[in-house]
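**Student:** Structure below; questions to follow.
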Amino acid sequence: MRPDAEGASGTVTVETAGPHGMVTVRGDLTSSTLGEVVSEITGIAVPGRGEARFEDAYGILWMAPDELLVFCPYGEVAESVTKMEAGLEGLHVLVADVSDARSVFTVSGAGIRDVLAKLTPADVSPEEFGIGMVRRSRLAQIPAAFWLRDGATVTVICFRSVAGYALDLLSTAATPGSEVRYF
Amino acid sequence: MLTLRCPYCGVLADETELEPGGEAHVRRKASDCGDGEFEAYLFLRENPRGVHFERWRHVNGCGKWFHAARDTVTLEVFGTYPAQTEGPPGEIMETIGARRPGWRWREFS
């Protein structure tokens with residue numbers, strides 16, 4: 001199945017989410033300058049440990065103690081990177097446009113937790129994985145990160161080089177008739 | 001199955017999300033030390049039946065290296081702690097002391 005094709009649907013729908021502007025920002029996340037610069041682009045405050053914050057097309061994922069992934073519209077990436085680089089000049093930081101290095105999928109439906117649980121060792125129960133949290137883990141053999149947009153929609157990102165594999169995985173796990181109904 | 005709490009991102013990570021990094025707290029020897037000492041630094045490792053200290057990397061996650069104290073027989077995890085240290089922190093030592101009185105691992109006990 002081509003990475004840009006629509007995946008299988010059933011009780012759970014798997015879709016490629018199209019191009020997203022994604023910028024990796026690494027540095028001291030406690031720095032107020034870094035916080036201000038990132039918030040100016042997105043209109044969102046720097047998230048705490050393990051948090052995902054989104055507002056419309058903008059968002060920030062907490063990826064590691066020294067790493068954020070900033071989301072913006074695809075067309076604004078170059079401008080955002082330039083702005084951030086200018087704002088962070090002199091600080092020990094990295095700003096990298098990774099929009100074309102990642103793929104984004106939207107998985108929606110009542111059984112999304114079951115679909116995730118088939119593919120990842122992460123605890124995706126509502127107690128451990130709630131709305132507003134991001135979990136970096138793996139889907140079968142590839143690294144991936146996912147967060148809930150709402151109770152019935154999860155967004156998954158992975159490296160673009162393995163997007164086809166990820167789409168196949170998610171589509172297979174979401175095949176109608178294979179519902180687990182555990183969660 | 002081994003699950004360890006990553007001290008950096010707070011996630012309870014499964015063994016398959018982690019990369020083993022061998023024994024913890026191995027101190028580098030300078031090249032002007034004796035051959036025996038250098039051999040020990042390079043090759044000689046603990047292989048305990050019981051309390052052990054290891055390095056792990058949260059590879060399918062935040063990507064950070066951390067340390068874990070666990071029992072190789074029961075797989076009981078005594079705790080995990082950040083890698084910016086030369087020895088296990090006091091609270092980990094206390095936990096192990098309470099669970100395994102008289103334990104000994106290299107110079108730590």
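**Student:** Take region B:3-99, compute every pairwise Cα distance, and split them into 5 Å bins from 0; I just need the percent in each bin.
**Tutor:** So the P(r) values, bin by bin, are 3, 13, 22, 22, 18, 12, 7, 3, 0.
**Student:** Applying the Karplus parametrisation 6.51 cos²θ - 1.76 cosθ + 1.60 with θ = phi - 60° to the phi angles of region A:59-69, what ³J(HN,Hα) value in whole Hz is obtained for each residue in order, glycine and proline being reported as x?
**Tutor:** x, 9, 10, 8, 9, 6, x, 10, 9, 10, 10
**Student:** Check the cysteines of chain B one by one and keep only those with no other cysteine Cβ under 4.7 Å from their own.
**Tutor:** Lone cysteines by the Cβ rule: B:Cys6, B:Cys33.
**Student:** While we're on this one: Determine the share of the protein assembly as shown's accessible area contributed by carbon and sulfur atoms, expressed in whole percent, with a 1.4 angstrom probe.
**Tutor:** 50 percent
**Student:** Mind listing the phi-derived Karplus ³J(HN,Hα) values for region A:34-47, rounded to whole Hz, using 6.51, -1.76 and 1.60 with θ = phi - 60°, and x for any glycine or proline?
**Tutor:** Karplus-based 3J(HN,Hα) across region A:34-47 equals 4, x, 5, 5, 5, 5, 5, 5, 9, x, 10, 6, 4, x Hz.
**Student:** Between the helical axis of B:90-99 and the dominant principal axis of chain B, each derived from Cα atoms, what acute angle in degrees is found, rounded to the nearest 10?
**Tutor:** 80 degrees
**Student:** Right, here's the next one. For helix A:77-87, what angle does its Cα long axis make with the longest principal axis of chain A, in degrees from 0 to 90 and rounded to 10?
**Tutor:** Tilt of helix A:77-87: around 40 degrees.
**Student:** Kindly provide the trypsin sites (Lys or Arg not before Pro) of region B:18-92 that DSSP labels as loop, not H, G, I, E or B, and whose Cβ sees at most 13 other Cβ atoms within 10 Å.
**Tutor:** Within region B:18-92, the qualifying trypsin sites (Lys or Arg not before Pro) (loop, at most 13 other Cβ atoms within 10 Å) are B:Arg27, B:Arg28, B:Arg45, B:Arg49.
**Student:** Let me ask you something else. Along its principal axes, what span do the Cα atoms of the protein assembly as shown show, with the longest given first and each in whole Å?
**Tutor:** Taking max minus min along each principal axis of the Cα atoms, the protein assembly as shown gives 60, 54, 33 Å.
**Student:** Another question about this same structure. Using a Förster radius of 41 Å, what is the FRET efficiency between B:Leu75 and A:Ala152 based on their Cβ-Cβ separation? Nearest 0.05, please. Numbers along the way, then the final one.
**Tutor:** On the way: r = 37 Å, r/R0 = 0.89.
Computed FRET efficiency for B:Leu75 and A:Ala152 comes out at 0.65.
**Student:** Here's something else I'd like to know. Between the DSSP loop rule and a limit of at most 12 other Cβ atoms within 10 Å, which GluC sites (Glu not before Pro) in region A:65-124 are left? Numbers along the way, then the final one.
**Tutor:** Numbers: sites: A:Glu67, A:Glu76, A:Glu79, A:Glu85, A:Glu89; in loops: A:Glu89.
For GluC sites (Glu not before Pro) across region A:65-124 that sit outside H, G, I, E and B with at most 12 neighbouring Cβ atoms in 10 Å, the list reads A:Glu89.
**Student:** Over region B:3-99, what is the mean sequence separation of C-alpha contacts under 8 Å (at least six apart), divided by residue count, expressed as relative contact order in percent?
**Tutor:** Taking the mean separation of contacting Cα pairs over the length of region B:3-99, I get 26 percent.
**Student:** Quick one: which residues, 5 or more positions from A:Thr120 or on another chain, have an amide H under 5 Å from its amide H? H modelled 1.01 Å from N in the peptide plane, none for Pro or chain starts.
**Tutor:** Residues meeting the amide H criterion: A:Ala140.
**Student:** Further question on the same structure: Tell me, in nm to one decimal, what length is gained between A:Val180 and A:Ala86 on full extension, where the rule is 0.36 nm per residue of separation less the Cα-Cα distance?
**Tutor:** Values: separation 94, 0.36 × 94 = 33.84 nm, distance 5.00 nm.
Contour length minus the Cα-Cα distance gives 28.8 nm.
**Student:** For region A:132-145, in order, what is each residue's ³J(HN,Hα) by Karplus, 6.51 cos²θ - 1.76 cosθ + 1.60 with θ = phi - 60°, in whole Hz (x at glycine and Pro)?
**Tutor:** For region A:132-145, the Karplus curve yields x, 10, 10, 10, 8, 7, 9, 10, 6, 9, 10, x, 7, 10 Hz.
**Student:** Run the numbers on chain A and let me know its relative contact order in percent, using alpha-carbon pairs under 8 Å that are six or more apart.
**Tutor:** Values: 377 pairs, mean separation 50.9, N = 183.
Computed over chain A, the figure is 28 percent.
**Student:** Tell me which residues come under 5 Å, amide H to amide H, from A:Arg149 once H is placed; ignore anything under 5 positions away on its chain.
**Tutor:** Distant-sequence amide H within range of A:Arg149: A:Val154, A:Thr155.
**Student:** Counting heavy atoms of the protein chains only and a 1.4 Å probe, report the per residue accessible area for chain A as a whole number of Å².
**Tutor:** Dividing the accessible area of chain A by its residue count gives 46 Å².
The values are calculated or read from the model by the stated rules, or taken from the named source; none is laboratory data. No experiment lies behind these values; they were computed from the predicted model shown. Neighbour counts run over all protein chains shown; Cβ positions are idealised from the backbone, glycine included. Protein only, heavy atoms only, side chains kept; ligands, DNA and RNA dropped before computing areas. Shrake-Rupley method; radii C 1.70, N 1.55, O 1.52, S 1.80 Å.
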